[in-house]
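As structure tokens, the structure follows; a few thoughts come after it.
The values are calculated or read from the model by the stated rules, or taken from the named source; none is laboratory data. Computed from a prediction, not measured in an experiment: that's the story for all the values here. Note: ideal-geometry Cβ built from the backbone for every residue, glycine included; neighbour counts use all protein chains shown.
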Amino acid sequence: MNAFTFENRVALVTGGSTGIGAATAVQLGNAGVKVAINYNKSANEAEKVARKVKLSGGKAVLIQADVRHANEVNEIVKRAVQEFGKIDILVNNAGGIVKRVPLADMDDALWDSTMDLNLRSVFYCSKAIIPLMVEARYGRIINVSSVAAFTGGGRHATAYATAKAGLHGFTKGLAKELAPFGITVNVVAPGLIDTPFHEKAETGNFDQFMPGIPLKRVGTAAEVASLISYLASDDASYSTGTVFNVNGGMY
């Protein structure tokens with residue numbers, strides 16, 4: 001049973017079909033939060049996540065959209081509000097390494113695509129939801145970053161690391177803007193977590209990273225989701241503008 005407090009809350013989780021997003025949606029749903037689960041292409045996986053929430057007695061709705069486009073983000077928010085009446089919690093989880101390319105070989109399109117997926121999407125989602133939270137004088141925004149923001153990332157991931165570092169500045173600035181309205185904005189920066197992200201990103205064998213992880217193991221999506229769930233809860237009312245690391249001691 002989740003020990004965190006959620007008083008009639010509604011959450012929107014982007015990129016909620018797999019990995020950290022899926023684990024977060026399930027944990028929030030199990031805690032009694034009504035969850036709008038956004039996905040782009042992974043419909044089957046998203047259905048499985050929604051079923052897990054509903055099997056525990058929770059409520060979930062699936063919303064397909066590409067968060068790189070403002071008009072689609074606006075539709076996500078509209079549908080979530082139509083379904084549940086409001087949005088109290090936003091988890092900006094959608095993101096990833098589009099392609100590993102040395103900076104000298106990177107064209108404008110790939111650079112822009114990386115920024116759109118990892119940074120512009122957060123701008124669009126936050127901008128669309130802020131008026132709802134301001135009106136309610138309550139809100140929790142949690143942005144999912146990466147240890148890459150601190151380390152510069154792995155092989156040929158400079159653009160990705162740059163976008164995630166930008167996310168930290170965005171979070172700190174927005175936290176100051178929204179604090180007067182009872183809205184907190186924080187970042188969770190995972191290290192090496194065992195999710196489908198790494199297959200798509202061609203991370204390689206996890207063993208190569210073990211010397212740099214004091215706990216000598218890979219983290220789980222559920223471990224990251226637990227931290228996100230806390231920051232999304234009513235209990236996390238005095239934490240804002242902060243980067244929370246969950247990386248086994250890597251950084």
Residues within region 1-17 that are surrounded by fewer than 20 Cβ atoms within 10 Å (Cβ to Cβ) and either among the β-branched types (Val, Ile, Thr) or under 23 Å from residue 145 (Cβ atoms) (or both), tallied: 2
Of all residues in region 1-55 being of a type in the set (Asp, Glu) and part of a helix (DSSP H, G or I), which is farthest from the chain's Cα centre (by Cα)? 47
Is it fair to say residue 185 is in contact (Cβ under 8 Å) with a residue 40 or more places away in the chain, β-branched (Val, Ile, Thr) and surrounded by fewer than 19 Cβ atoms within 10 Å (Cβ to Cβ)? no
Failed criterion for residue 175 (all others in (1) small (Gly, Ala, Ser); (2) in contact with a Ser or Thr (Cβ under 9 Å, 6 or more places away or on another chain); (3) surrounded by fewer than 16 Cβ atoms within 10 Å (Cβ to Cβ); (4) in contact (Cβ under 8 Å) with a residue 24 or more places away in the chain hold): (3)
How many residues are in a loop (DSSP other than H, G, I, E, B) and crowded, with 16+ Cβ neighbours inside 10 Å if we restrict to region 56-85? 6
Of all the residues that make up region 175-219, how many are more than 30 Å from residue 138 (Cβ to Cβ) and either of a type in the set (A, V, I, L, M, F, W, C) or at pLDDT 95 or above (or both)? 9
Give just the number: which of (1) charged (D, E, K, R); (2) closer than 23 Å to residue 70 by Cα; (3) not in a helix (DSSP H, G or I) does residue 172 not satisfy? (3)
Name the helices (runs of 4 or more DSSP H) wholly inside region 106-167 in which the number of residues that are crowded, with 20+ Cβ neighbours inside 10 Å, of a type in the set (Gly, Ala, Ser) and out of contact with any His (no Cβ under 6 Å at 6 or more places or on another chain) is 1 or more. 121-136, 148-151
Identify the residue in region 175-195 that is of a type in the set (A, V, I, L, M, F, W, C) and assigned to a strand (DSSP E or B) and, among all such residues, is nearest to residue 209 (Cα to Cα). 193
Looking only at region 20-44, filter to residues that are surrounded by fewer than 24 Cβ atoms within 10 Å (Cβ to Cβ) and in contact with a Phe, Trp or Tyr (Cβ under 7 Å, 6 or more places away or on another chain); which one of those is nearest to residue 222 (Cα to Cα)? 31
Would you confirm, using the coordinates I've provided, whether residue 103 is modelled with pLDDT of 95 or more, surrounded by fewer than 14 Cβ atoms within 10 Å (Cβ to Cβ) and within 27 Å of residue 172 (Cβ to Cβ)? yes
Does region 44-64 hold any residues that are modelled with pLDDT of 95 or more, aliphatic (A, V, I, L, M) and over 13 Å from residue 23 (Cα atoms), and which are they? 60, 61, 62, 63
Provide a single number: the residues in region 64-80 that are of a type in the set (D, E, K, R), within 20 Å of residue 118 (Cβ to Cβ) and over 17 Å from the mean Cα position of the chain (by Cα). 1
Could you grab the pairs with beta carbons closer than 7 Å, sequence gap of 6+ or different chains, first residue in region 224-251 and farther than 15 Å from residue 20 by Cα and in contact (Cβ under 8 Å) with a residue 24 or more places away in the chain, second one among the small types (Gly, Ala, Ser) and surrounded by fewer than 20 Cβ atoms within 10 Å (Cβ to Cβ)? 240/175; 240/179; 241/175; 250/212
List pairs: first residue in region 17-30 and without any contact (Cβ under 8 Å) to a residue 40 or more places away in the chain, second residue charged (D, E, K, R) and in a loop (DSSP other than H, G, I, E, B) anywhere in the structure, Cβ distance under 9 angstrom, at least six positions apart or on different chains. 17/41; 29/59
